[in-house]
Amino acid sequence: LAASGGRGVGSCALLLPVLLFLPGLAAGPAGMLQPRDTPSRERKELGGLWSFRADLSPGRDAGFTQRWYRRPLRQTGPVIDMPVPASFNDITQERSLENYIGWVWYEKEVLLPLRWLQGDPAPRVVLRFGSAHYYSIVWVNGVQVVEHEGGHLPFEADISSVVQGSPGTLCRITVALNNTLTPHTLPPGSIQYMNDKSRYPKNYFVQDIMFDFFNYAGIHRPVVLYTTPAAYIDDITVTTTASDSVAVVQYQVSVVGSTANSLSLSLCDQEGKVVATADGPVGELKVLNPNLWWPYLMHENPGYLYSLEVKMQAQVGRVLLEDVYTLPVGIRTVHVTSTQFLINGRPFYFHGVNKHEDADIRGKGLDWPLIVKDFNLLRWLGANSFRTSHYPYAEEIMDLCDAYGIVVIDESPGVGIRLPESFGNKSLQHHLAVMEELVRRDKNRPSVVMWSVANEPASELPPAAPYFKTVIAHTKALDPSRPVTFVTNANYALDHGAPYVDVICVNSYLSWYHDSGHLEVIPLQLTAQFENWYKTYQKPIIQSEYGADSVPGLHSDPPMMFSEEYQQAMLREYHSVFDKKRKEYVIGELIWNFADFMTNQGTTRVLGNKKGIFTRQRQPKAAAFVLRDRYWKIANESNCLPPVRTSHSLFL
């Protein structure tokens, strides 16, 4: 494990003691199906208040040396209530917790239904975390059940053998969580020790990060307990091909717990009509006159989803077990040419946004009202797509993308890969593992049309060539059905990773970070940017970031930096070039950013990054209306939809 520490206190390299760990409870299952209630499965959500304690000992290791996981956390010392899911940073008035680095401890006691603990064979009981930042160790009743490195992605453990021996007693779930970033984590970071005793207290250190958003930490997504039969459907993989008259859904199903099993599959449309059936673990379902999955504003019925019901029967001893799992399936194709991005054979133009999982108080914690508000704003805006900058978003968000037809560039947490040591083999192996987890989670989602393996790495460094060649090849091997990219801000002539991507994604902030205040240089510089990249690589290009900070209510005419007018003017300068180049090989534009978001404190950040077209509280700035008029105009021109009113009302 990485060194742990905190602001204003001592730190040391943390060596974990030997922990009680039962064989067969390790992380890394073959499948990672999203928990669902079915006739054979039950789910119990563990959201709400958990007990919480930050380890404030000099080495941040008291929890391990004193074995806090062996008894209720409240018996180890003072605890506070902590909501889950949520980041812990902004919940209290404690400044030390807002910027805390090191181990924190969570605990929840729950009573399991007796039916989960009885039977021959008894059902399988699984504990799953949607995500926790960044290194997690989990115990159940004092027994370690799983260890996981990395945030933003789910992990789980089969805890049946731990809980089924004591029915009727409380199940105590303890989590130790460490948010320290090192050059080998994703995202990377480093601990900087301040040794000048005339300026800093003894043992003072800070966490350095190389990304521009606040390093929130905590249990950010739902924690659930769920059951399956002892023999169960472990994984399902679907890919689709389609024409106007027939579609083929190719599938592969894996079963764990029994070799004597049978599988039957039924594909139903949205009216519940069975349109195709099949048997066996591998095969295909043919759908006549299919309803294709179309992006928002590209079809009158976007986001069409079928339901694939998979039934398994398995003989376990003398008992015949049945497991049922239902998977939403969207039928669509993706293809990239040298100048176009095609969905279902039709050119698709990304007019969308970059986002963050970020909000007041709860930080990166899952928040249903905020999620629904954001999707309403996306549709009001006329946005058809977004990139999950700069990490995978919650499964609940991805579910709505599938259902609403919002196209997604699914990005890994590979942001800020700037240090030379972050291109070494240790970092590479972790990056490959993260891509495996991401593809395993999102491989069946029709909304996901492209993988992004990184954002703004130091791709001008020579080691970037073998590094990204390997990561991209590995991702393509995991999923040959989707293009792969990474997002660059390097010079076109120096980028060592660009030869391996399918689509060029470029970030640039002309007249902001470069030639600040000089809007007049944008047409020349942006045109040169596009022409140089295309001449070099002959690949379609997305402007994956562009924008300017604006403080709400700050006005200036003529436009000056940080005013709402300057943000509007910059957008219009970029758009004039986009309109010329999208007739050739530019296939998309993603504004930075959808909404203002929190960052570390700094002289250029006034309570966070203000490049949002909406405030952090989701109120529109003037630029939101510029973008809305543009996006609806593009949609009407490109997709032959009925004329759409572009009123400035915030209601569709």
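Inspect the stretch 328-345 for any residue being of a type outside the set (Asp, Glu), closer than 30 Å to Gly218 by Cβ and out of contact with any helix residue (DSSP H, G or I) (no Cβ under 9 Å at 6 or more places or on another chain) and give the result as yes or no. Scanning the stretch 328-345, I find no residue that is of a type outside the set (Asp, Glu), closer than 30 Å to Gly218 by Cβ and out of contact with any helix residue (DSSP H, G or I) (no Cβ under 9 Å at 6 or more places or on another chain), so the answer is no.
The stretch 17-86 holds strands (runs of 3 or more DSSP E) entirely within its bounds, and those carrying 1 or more residues that are of a type in the set (S, T, N, Q) and at pLDDT 95 or above map to 48-54. What are the residues in the stretch 152-177 that are of a type in the set (S, T, N, Q) and open to solvent by 10 Å² or more (accessible area, probe 1.4 Å), if any? Result: Ser160, Ser161, Gln164, Ser166, Thr169. Scanning the stretch 302-320 for residues that are buried (at least 19 other Cβ atoms within 10 Å of the Cβ) and either assigned by the TED database to the domain that holds Ser447 or among the aliphatic types (A, V, I, L, M) (or both) gives Leu305, Leu308, Val310, Met312, Ala314.
Filter the stretch 514-550 down to residues that are buried (at least 20 other Cβ atoms within 10 Å of the Cβ) and among the small types (Gly, Ala, Ser) and give me whichever is farthest from Val353 (Cα to Cα). Of everything passing the filter in the stretch 514-550, Ser550 is farthest from Val353 (Cα to Cα). Just name the residue that is farthest from the chain's Cα centre (by Cα) out of those in the stretch 122-142 that are surrounded by fewer than 20 Cβ atoms within 10 Å (Cβ to Cβ) and touching a residue at least 40 places away in the same chain (Cβ under 8 Å). In this case the residue turns out to be Ala122. The lone criterion from (1) assigned to a helix (DSSP H, G or I); (2) within 18 Å of the chain's Cα centre (by Cα); (3) surrounded by 24 or more Cβ atoms within 10 Å (Cβ to Cβ) left unmet by Ile417 is number (1).
Residues that are part of a loop (DSSP other than H, G, I, E, B), in contact with a Gly (Cβ under 8 Å, 6 or more places away or on another chain) and not acidic (Asp, Glu) within the stretch 446-460 comprise Pro446, Ser447, Pro457, Ser459, listed in sequence order.
Please determine, by comparing only the residues of the stretch 495-513 that are without any contact (Cβ under 8 Å) to a residue 40 or more places away in the chain and in contact with a Ser or Thr (Cβ under 8 Å, 6 or more places away or on another chain), which one is most open to solvent (accessible area, probe 1.4 Å). Looking at residues that are without any contact (Cβ under 8 Å) to a residue 40 or more places away in the chain and in contact with a Ser or Thr (Cβ under 8 Å, 6 or more places away or on another chain), I get His496.
Could you grab me the full set of residues in the stretch 539-567 that are charged (D, E, K, R) and out of contact with any strand residue (DSSP E or B) (no Cβ under 8 Å at 6 or more places or on another chain)? Asp557, Glu565, listed by residue number.
Restricting Glu109, Glu149 to residues that are open to solvent by 10 Å² or more (accessible area, probe 1.4 Å) and either under 24 Å from Ile397 (Cβ atoms) or touching a helix residue (DSSP H, G or I) at 6+ places or on another chain (Cβ under 6 Å) (or both) narrows the list to Glu149.
Glu300 falls short of the stated requirement of being in contact with a Leu (Cβ under 9 Å, 6 or more places away or on another chain) and under 30 Å from Ile233 (Cβ atoms). The set of residues from the stretch 128-155 being in contact with a Leu (Cβ under 6 Å, 6 or more places away or on another chain) and more than 16 Å from Pro413 (Cβ to Cβ) comprises Val143, Gln144, Val145.
Only a single criterion out of (1) open to solvent by less than 30 Å² (accessible area, probe 1.4 Å); (2) farther than 30 Å from Asp81 by Cβ; (3) out of contact with any Phe, Trp or Tyr (no Cβ under 8 Å at 6 or more places or on another chain); (4) not polar (S, T, N, Q) is not satisfied by Ile236, namely (3). Check whether at least one residue in the stretch 562-580 is in contact with a Phe, Trp or Tyr (Cβ under 7 Å, 6 or more places away or on another chain), β-branched (Val, Ile, Thr) and in the same structural domain as His390 (by the TED database), and report yes or no. No. In the stretch 569-596, the residues that are more than 11 Å from Pro523 (Cβ to Cβ) reach residues that are at pLDDT below 95 with C-beta atoms within less than 6 angstrom, at least six apart or across chains, in these pairs: Asp596/Gly608.
Here's the yes/no breakdown for (1) within 18 Å of Arg362 (Cα to Cα); (2) touching a residue at least 40 places away in the same chain (Cβ under 8 Å); (3) buried (at least 17 other Cβ atoms within 10 Å of the Cβ):
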position: Trp50; (1), (2), (3): yes, yes, yes
position: Ala54; (1), (2), (3): yes, yes, yes
position: Trp68; (1), (2), (3): no, yes, yes
position: Gln75; (1), (2), (3): no, no, no
position: Val79; (1), (2), (3): no, no, yes
position: Pro85; (1), (2), (3): yes, yes, yes
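Somewhere in the stretch 183-196, is a residue open to solvent by less than 10 Å² (accessible area, probe 1.4 Å), more than 26 Å from Tyr513 (Cα to Cα) and either over 22 Å from the mean Cα position of the chain (by Cα) or modelled with pLDDT of 95 or more (or both)? No, the stretch 183-196 contains no residue that is open to solvent by less than 10 Å² (accessible area, probe 1.4 Å), more than 26 Å from Tyr513 (Cα to Cα) and either over 22 Å from the mean Cα position of the chain (by Cα) or modelled with pLDDT of 95 or more (or both).
Which strands (runs of 3 or more DSSP E) sit wholly inside the stretch 203-275 and have at least 1 residues that are modelled with pLDDT of 95 or more?
Here the list reads 223-228, 232-242, 246-256, 261-268.
Restricting the search to strands (runs of 3 or more DSSP E) fully inside the stretch 118-188 and requiring at least 1 residues that are under 15 Å from Ala217 (Cα atoms) and in contact with a Phe, Trp or Tyr (Cβ under 8 Å, 6 or more places away or on another chain) gives 124-129, 135-140, 143-149, 170-178.
Could you please find all residues in the stretch 316-335 being in contact (Cβ under 8 Å) with a residue 60 or more places away in the chain and not in a loop (DSSP other than H, G, I, E, B)? Correct list: Val316, Val319, Leu321, Glu322, Asp323, Val324, Tyr325, Thr326, Leu327, Pro328, Val329, Val334.
Pairing residues of the stretch 87-108 that are farther than 19 Å from His152 by Cβ and assigned to a helix (DSSP H, G or I) with residues that are open to solvent by less than 10 Å² (accessible area, probe 1.4 Å) and at pLDDT 95 or above, at Cβ distances under 8 Å and at least 6 apart in sequence or on separate chains, gives Leu97/Phe88; Leu97/Asn89; Glu98/Asn89.
Set side by side, the residues Leu14, Leu1 differ, and just one is aliphatic (A, V, I, L, M), modelled with pLDDT under 95, open to solvent by 70 Å² or more (accessible area, probe 1.4 Å) and under 30 Å from Met194 (Cα atoms), which is Leu1. Restricting attention to the stretch 288-308, does a residue exist that is outside any loop (DSSP other than H, G, I, E, B) and within 30 Å of Gly363 (Cβ to Cβ)? No, because not a single residue in the stretch 288-308 is outside any loop (DSSP other than H, G, I, E, B) and within 30 Å of Gly363 (Cβ to Cβ). Taken residue by residue, the stretch 426-437 has no member that is touching a residue at least 60 places away in the same chain (Cβ under 8 Å), assigned to a loop (DSSP other than H, G, I, E, B) and touching a helix residue (DSSP H, G or I) at 6+ places or on another chain (Cβ under 7 Å).
The values are calculated or read from the model by the stated rules, or taken from the named source; none is laboratory data. Every value quoted in this text rests on a predicted model; they were computed, and no experiment measured them. When we count neighbours, we look across all protein chains shown, and the Cβ atoms used for this are built from the backbone with ideal geometry, even at glycine. Heads up: the accessible areas ignore ligands, DNA and RNA and are worked out on the full protein's heavy atoms, side chains in. Shrake-Rupley method; radii C 1.70, N 1.55, O 1.52, S 1.80 Å.
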